[in-house]
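S.K.: Take this structure first; my questions come after.
The values are calculated or read from the model by the stated rules, or taken from the named source; none is laboratory data. Because the structure is a prediction, the values reported are computed rather than measured. With ideal geometry, Cβ positions are generated from the backbone for all residues, glycine too; neighbour counts draw on all protein chains shown. For the accessible areas, the whole protein counts, side chains as well, though only heavy atoms, and no ligand, DNA or RNA atoms are used. Shrake-Rupley method; radii C 1.70, N 1.55, O 1.52, S 1.80 Å.
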Number of protein chains: 2
Amino acid sequence: MPVYKAPVDDAVFLLGDVLHFDEFSQLPGFGDVTGEMLALILREAAKLAEEVVQPLNQIGDREGCVRHEDATVTTAKGFRAAYRAVAEGGWIGLAAPQEYGGQGLPYTLSALTNEFASSANMSFAMYSGLTQGALAALLRHGDEEQKRLYAPKMASGVWSGTMNLTEPQCGTDLGLLTTKATPRPDGSYSITGQKIFISAGEHDLAENIVHFVLARIEGAPAGVKGISLFITPKFDVRPDGALGPRNNVFCGSLEHKMGIHGNATCVMNYDNARGYLVGEANRGLNAMFVMMNEARLGVAIQGLALSEVAYQNAAAYARERLQGRSLAGSKNPDGKADPIIVHPDVRRMLLEIRAFNEAARGLALGAALDSDVAHRSKDAAARQVAEDRLGLLTPVLKGVFTDLGFENTVKAQQVFGGHGYIAEWGMEQFVRDARITMIYEGANGIQALDLVGRKLPKDGGRAIMAYFKEIGEFIAGGSADDALKPYVDPLQAALGDLRKATMWLMQNGLARPDNAGAASYDYMHLFGRVALGYIWARIAKAALEKKNREPASATAMETKLIVGRYFMERMLPETSLRLARIVTGADTMMSLDAEMF
Amino acid sequence: MPVYKAPVDDAVFLLGDVLHFDEFSQLPGFGDVTGEMLALILREAAKLAEEVVQPLNQIGDREGCVRHEDATVTTAKGFRAAYRAVAEGGWIGLAAPQEYGGQGLPYTLSALTNEFASSANMSFAMYSGLTQGALAALLRHGDEEQKRLYAPKMASGVWSGTMNLTEPQCGTDLGLLTTKATPRPDGSYSITGQKIFISAGEHDLAENIVHFVLARIEGAPAGVKGISLFITPKFDVRPDGALGPRNNVFCGSLEHKMGIHGNATCVMNYDNARGYLVGEANRGLNAMFVMMNEARLGVAIQGLALSEVAYQNAAAYARERLQGRSLAGSKNPDGKADPIIVHPDVRRMLLEIRAFNEAARGLALGAALDSDVAHRSKDAAARQVAEDRLGLLTPVLKGVFTDLGFENTVKAQQVFGGHGYIAEWGMEQFVRDARITMIYEGANGIQALDLVGRKLPKDGGRAIMAYFKEIGEFIAGGSADDALKPYVDPLQAALGDLRKATMWLMQNGLARPDNAGAASYDYMHLFGRVALGYIWARIAKAALEKKNREPASATAMETKLIVGRYFMERMLPETSLRLARIVTGADTMMSLDAEMF
């Protein structure tokens, strides 16, 4: 059975030494988590993830969810009690404002505790994660009455939330959606249509489920400009907050999926269900984007989370499994064989995972901090910088973390040989669970298009220019330091590749959009490598400083320096391959007739 | 539900125009398949795969196999009838000698029809495939009496075969195996021990199951030099060929696996089961290697097979699924949206798969031809050339085809968006099934070590030198041809990278084996890219010639030329990244203490 230990020490190092968390103490909610308090909270979250949530991961995979004839759904054994523990611990509303029942703590902390929960049991963590996303949209776009009615119950986890976008004919292209909203005399709407792939659409964990549904008001324009957002609760909510009659929205069936069996993925049928408009009519997509951006960062973190737990188990197995002898002479001459960690190729697999995990965690926490600054800072200039960087990095993190997260679960599984293919060892579940992260919340190809088509040109390229400048300044500041050279020099080369690719896109993508489309995926990954390389260089800088400052940290810091060097030597050079692919353009791929595929 | 159409035309083109199959007509068995006969046989195989075997693929995945209390195992609905059709059609013994009940046809044909069968239903095809591997070992190492007793029944599929190597403590490192063989007075042996991960170990398709088992004769040396190979039939076989008493070998349990649910993966318990020594005592590993080499090529072909069927379904979906609009202006203005094949990033995914598939098929068929030459030619020099090349390419094909085959099933699944994650569409099954190919028959890291540690230095590097020379001569012959330039020039650059990497290995790997280990995986993939690039250049040459010779073939040949150009532009350049990784050596990865992972 797999094990999991939340990386609290690494998180504290990243937040404290690399991202200088203490410098944000003026932001609302940050003052409460200074010094030792931060580690205390994280250790509590770790305990919950390790002891309560993780032991249910394989059970959820095996049992899945069951839909009954009355369209109710029960989750796997133990999920209800664990969900109560999470909800009652205040973890769902950790970052929600106190006036709406939350803890008012940094979103950054919530992102981190979500990593722990997702490593422990991604299917389970999704029930809370979707509620957090729905709550964010409510708080941003709902009116006061809606917030008063729904937010505290959602923040406390007594009710859960869902996002309802996809329909059979309408996935990426939301303009095609046909779910109808018909105004009722009392100001509410009748919602009718079918939604598919609805995570946590029906279950037995919460007293009510608040569906956030995209639908088209009768007579609204076609396409994405005629879509509105509605709250459609499973049980209608009376003005005093008590539950009213059962609404006419039901789970028609559960999808049979490759993974995340513990989460109920539902076909949801709306048949004149009562819905309440959120925000302005026909502006539903904008409201939904609030959920989608946080959700995308959340999914990126899921990619990291599965990579982390897969790594931990593979590393443990590699230290214990005896098979073969070191090519450089036995390391365990008294045993029947050496542990497989002696083999360079096993180390290659482990280091490729580990070198991603630590940097990805740094990037995710940096993005979460940007989100906190963007939403909480009083300094408009700081908000803009943070918003720009977050907008730019969100598709990169979603696309790259989930692609690599999945690949890493595959590598970790490979370390186990044949045992990796057997269910009881748990490694193949990580692979199956990780696979969905590349698809949902916008398939990764869509993230790449968002990056290239929207985020790069936005505001005249302000965000990307600022990012280049930031990295350039870091390089300039570190290039004279001999100890930093092995990190800064490769970063400079990689940044050069990214600059060239960006220039190529400007020169070739605008004139011929297919060139941008053809380059987008490689560009996203090129960008991701540079971002990971940049944070590794910052980690290295912090590790060198800490090693000198605190001799007791030397072994841990030296380990980081080695893992970072591995990234620089073997993983960062991928940027030149990506660039070479990008500049070949779209000609060849577009020259084949559709029917010849 | 997925569809499948066997690529008969492509195979005929590859065999005829690229590999010049007709020039081998002097080899035994080749004279019977000249001209139209080849296509006729392939169309028969295609029909069986498409109409009989493929419709059972999802059924096998859903139903799996069932072990009963009496340790018998039943396969999924329809498997028995389909197996009878395959066996009675003579497909299992297609390449076996006629004197032992086979058809005596080229192994190359058998490899190709195995591709079709594996695309259609890999779990099902394994039952026959393992029998073919066991039969090959029997014919090479069994005595006349053993061949007479077992071979015809196996060639006809009335009996099936298995390979029994792995034990709980012993996977890659066969020296650790502990299954015991105790001599009996009558010259047979008592086999006692437990084997795990035994594919097709027990089932209801054949009247008898002939287990080829590795065990250690009492008093034999420790390690791999004390291992012998035994035949241990499920039912003992009387001298007249009739079935005797049930032997004491039973399926203890079925493994719960990520995929290949249709194949019974068994824990096999041997308790003083009667076994018969095959070949010399303590030389079992050598005999097993015969099975393993053919099995490795067979597994490489499984990687290709799943990539092929995944491609076909993804391409069909991409032509039909309407979602979004082309960035270059709508291609379907009257429809609600354009088919997603208009999007460059969808084409990228499809072309990466297709550009692998066609080249991989060419390489696999070339390797199969080498195997035929090595086993059937009267020309000793030709045999040596073929054996050298086959030995060199076997680990490359196994490692690279299965890594890329798996990645390609993931890409094909991605084309389906959310639907790709849902079982009914069948795409996620391809991913789960493909995953095992990277693990069994020697995990891919082991293939890389076999290549670097054994195949490269063998006979003073004769095989690799000959391969370099062969590719170099092809390049020299084509470099003056302008139409071939887009293929030959990138190949030359890639070959240069391979030469440099080989040189680096010679200079750094011998002195420090960890350098070879650290480089091995990237070297295998670098090698694979060059091999794929080389066959693409040969395909391009043949396509250019054919286009001129037969104007009716122009569209098909032009398509190949475009797909080949895609490979050259976007996939072959990976060689430089692989080289860059290789030359970083083992220092960084070996500098981390085992306990710090």
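S.K.: Hey, does the stretch A:335-346 have a residue that's more than 10 Å from every other protein chain (Cβ to nearest Cβ), out of contact with any Lys or Arg (no Cβ under 8 Å at 6 or more places or on another chain) and part of a loop (DSSP other than H, G, I, E, B)?
M.R.: yes
S.K.: Being farther than 15 Å from A:VAL410 by Cβ and open to solvent by less than 10 Å² (accessible area, probe 1.4 Å) is the filter here, so list the residues in the stretch A:352-369 that pass it.
M.R.: Within the stretch A:352-369, A:ALA355, A:ALA359, A:ALA360, A:ARG361, A:GLY362, A:ALA364, A:LEU365, A:ALA367, A:ALA368, A:LEU369 meet the criteria.
S.K.: I'd like the full set of residues that are of a type in the set (A, V, I, L, M), assigned to a helix (DSSP H, G or I) and free of Cβ contacts under 8 Å to residues at least 60 places away in the same chain, limited to the stretch A:493-534.
M.R.: The answer is A:LEU495, A:MET503, A:MET506, A:LEU526, A:VAL530.
S.K.: Would you confirm whether any residue within the stretch A:417-429 is within 22 Å of A:ALA310 (Cβ to Cβ), among the hydrophobic types (A, V, I, L, M, F, W, C) and more than 7 Å from every other protein chain (Cβ to nearest Cβ)?
M.R.: Initially, the stretch A:417-429 is screened for residues within 22 Å of A:ALA310 (Cβ to Cβ), giving A:417-429.
Then keep just the ones that are among the hydrophobic types (A, V, I, L, M, F, W, C); that gives A:422-423, A:425, A:427.
The next check asks that each one be more than 7 Å from every other protein chain (Cβ to nearest Cβ); those that pass are A:425, A:427.
Looking for residues that are within 22 Å of A:ALA310 (Cβ to Cβ), among the hydrophobic types (A, V, I, L, M, F, W, C) and more than 7 Å from every other protein chain (Cβ to nearest Cβ), one finds at least one in the stretch A:417-429, hence yes.
S.K.: Restricting to the stretch A:260-286, count the residues that are surrounded by fewer than 24 Cβ atoms within 10 Å (Cβ to Cβ) and either within 14 Å of another protein chain (Cβ to nearest Cβ) or within 22 Å of the chain's Cα centre (by Cα) (or both).
M.R.: Number of matching residues: 4.
For every residue, the table says whether it meets (1) of a type in the set (Phe, Trp, Tyr); (2) in contact with an Asp or Glu (Cβ under 8 Å, 6 or more places away or on another chain); (3) within 14 Å of chain A (Cβ to nearest Cβ); (4) under 17 Å from B:ALA137 (Cα atoms).
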residue: B:SER188; (1), (2), (3), (4): no, no, no, no
residue: B:THR192; (1), (2), (3), (4): no, yes, no, no
residue: B:ILE196; (1), (2), (3), (4): no, yes, yes, no
residue: B:LEU205; (1), (2), (3), (4): no, no, no, no
residue: B:VAL213; (1), (2), (3), (4): no, no, no, yes
residue: B:ILE217; (1), (2), (3), (4): no, no, no, no
residue: B:PRO221; (1), (2), (3), (4): no, no, no, no
residue: B:LYS225; (1), (2), (3), (4): no, no, no, no
residue: B:LEU229; (1), (2), (3), (4): no, no, no, yes
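S.K.: Consider A:GLY161 carefully, then state whether it is in contact (Cβ under 8 Å) with a residue 12 or more places away in the chain, assigned to a strand (DSSP E or B) and closer than 23 Å to A:THR75 by Cβ.
M.R.: Considered against the rule, which asks whether it is in contact (Cβ under 8 Å) with a residue 12 or more places away in the chain, assigned to a strand (DSSP E or B) and closer than 23 Å to A:THR75 by Cβ, A:GLY161 comes out as yes.
S.K.: Hey, among A:GLY104, A:GLY142, A:GLY89, which residue is surrounded by fewer than 24 Cβ atoms within 10 Å (Cβ to Cβ), closer than 23 Å to A:GLY275 by Cβ, of a type outside the set (Lys, Arg) and at pLDDT 95 or above?
M.R.: A:GLY142
S.K.: Hey, can you tell me all the residues within the stretch B:1-38 that are surrounded by 13 or more Cβ atoms within 10 Å (Cβ to Cβ), under 22 Å from the mean Cα position of the chain (by Cα) and aliphatic (A, V, I, L, M)?
M.R.: Passing the criteria: B:ALA6, B:VAL8, B:ALA11, B:VAL12, B:LEU14, B:LEU15, B:VAL18, B:LEU19, B:LEU38.
S.K.: How many residues are closer than 18 Å to B:ASN263 by Cβ and open to solvent by 30 Å² or more (accessible area, probe 1.4 Å) if we restrict to the stretch B:432-466?
M.R.: 2
S.K.: So which of B:LEU526, B:LEU505, B:LEU495 ends up being closer than 23 Å to B:LEU363 by Cα and either among the basic types (Lys, Arg) or touching a Leu at 6+ places or on another chain (Cβ under 8 Å) (or both)?
M.R.: After applying the criteria, what remains is B:LEU526.
S.K.: A further question follows. I'm trying to understand the selection: among the residues of the stretch A:287-312, which are more than 16 Å from the chain's Cα centre (by Cα) and modelled with pLDDT under 95?
M.R.: Hits for the stretch A:287-312 are A:ALA287, A:MET288.
S.K.: If I filter the stretch A:172-183 down to residues being open to solvent by 20 Å² or more (accessible area, probe 1.4 Å) and closer than 18 Å to A:GLY252 by Cβ, which single residue comes out as farthest from the other protein chains (Cβ to nearest Cβ)?
M.R.: Here the residue is A:LYS180.
S.K.: Any idea how many residues of the stretch B:440-461 are over 21 Å from B:ARG578 (Cβ atoms) and out of contact with any helix residue (DSSP H, G or I) (no Cβ under 6 Å at 6 or more places or on another chain)?
M.R.: Selection size over the stretch B:440-461: 4.
S.K.: Identify all residues within the stretch A:326-345 that are open to solvent by 20 Å² or more (accessible area, probe 1.4 Å) and either at pLDDT 95 or above or in the same structural domain as A:PHE30 (by TED's automatic domain parsing) (or both); write none if there are none.
M.R.: A:PRO339, A:HIS343
S.K.: For A:SER377, only one of the following conditions fails: (1) surrounded by fewer than 21 Cβ atoms within 10 Å (Cβ to Cβ); (2) within 27 Å of A:VAL452 (Cβ to Cβ); (3) in contact (Cβ under 8 Å) with a residue 60 or more places away in the chain; (4) not basic (Lys, Arg). What is its number?
M.R.: Condition not satisfied by A:SER377: (2).
S.K.: Which of the strands (runs of 3 or more DSSP E) found entirely inside the stretch A:224-283 contain at least 3 residues meeting this: farther than 14 Å from A:THR179 by Cα?
M.R.: So the answer is A:235-237, A:243-246, A:249-254, A:265-278.
S.K.: For the stretch A:565-594, give me each residue that is more than 7 Å from chain B (Cβ to nearest Cβ), in a helix (DSSP H, G or I) and not polar (S, T, N, Q).
M.R.: A:PHE567, A:MET568, A:MET571, A:ARG578, A:LEU579, A:ILE582, A:ASP587 - these are the residues of the stretch A:565-594 that are more than 7 Å from chain B (Cβ to nearest Cβ), in a helix (DSSP H, G or I) and not polar (S, T, N, Q).
S.K.: With respect to A:ARG389, is the statement that it is in contact (Cβ under 8 Å) with a residue 40 or more places away in the chain, open to solvent by 20 Å² or more (accessible area, probe 1.4 Å) and not assigned by TED's automatic domain parsing to the domain that holds A:GLU23 true? So that I can check it myself, show each step before the final result.
M.R.: Values: in contact (Cβ under 8 Å) with a residue 40 or more places away in the chain: yes; open to solvent by 20 Å² or more (accessible area, probe 1.4 Å): yes; not assigned by TED's automatic domain parsing to the domain that holds A:GLU23: yes.
Yes, satisfied.
Here's the yes/no breakdown for (1) in contact (Cβ under 8 Å) with a residue 12 or more places away in the chain; (2) more than 21 Å from B:SER160 (Cβ to Cβ); (3) outside the structural domain of B:ALA117 (by TED's automatic domain parsing):
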| residue | (1), (2), (3) |
| --- | --- |
| B:ILE217 | yes, yes, yes |
| B:PHE235 | yes, no, yes |
| B:ALA242 | no, no, yes |
| B:CYS251 | yes, no, yes |
| B:MET258 | yes, yes, yes |
| B:GLY262 | yes, no, yes |
| B:THR265 | yes, no, yes |
| B:MET268 | yes, no, yes |
| B:ASP271 | yes, yes, yes |
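S.K.: Just the residues that are open to solvent by less than 30 Å² (accessible area, probe 1.4 Å) and over 26 Å from the mean Cα position of the chain (by Cα), please, taken from the stretch B:562-576.
M.R.: B:ILE562
S.K.: So is B:ALA556 within 10 Å of another protein chain (Cβ to nearest Cβ), in a helix (DSSP H, G or I) and open to solvent by 10 Å² or more (accessible area, probe 1.4 Å) or not?
M.R.: yes
S.K.: Before we move on, is B:GLY133 outside any helix (DSSP H, G or I) and of a type outside the set (Asp, Glu)?
M.R.: no
S.K.: Here are some residues: A:VAL73, A:VAL66, A:VAL52, A:VAL86. Which one is closer than 17 Å to A:THR113 by Cβ and either over 21 Å from the mean Cα position of the chain (by Cα) or basic (Lys, Arg) (or both)?
M.R.: From the options A:VAL73, A:VAL66, A:VAL52, A:VAL86, the qualifying one is A:VAL52.
S.K.: So which helices (runs of 4 or more DSSP H) stay within the stretch A:9-119 end to end and still have 3 or more residues that are closer than 26 Å to A:TYR150 by Cα?
M.R.: The qualifying helices (runs of 4 or more DSSP H) are A:79-88.
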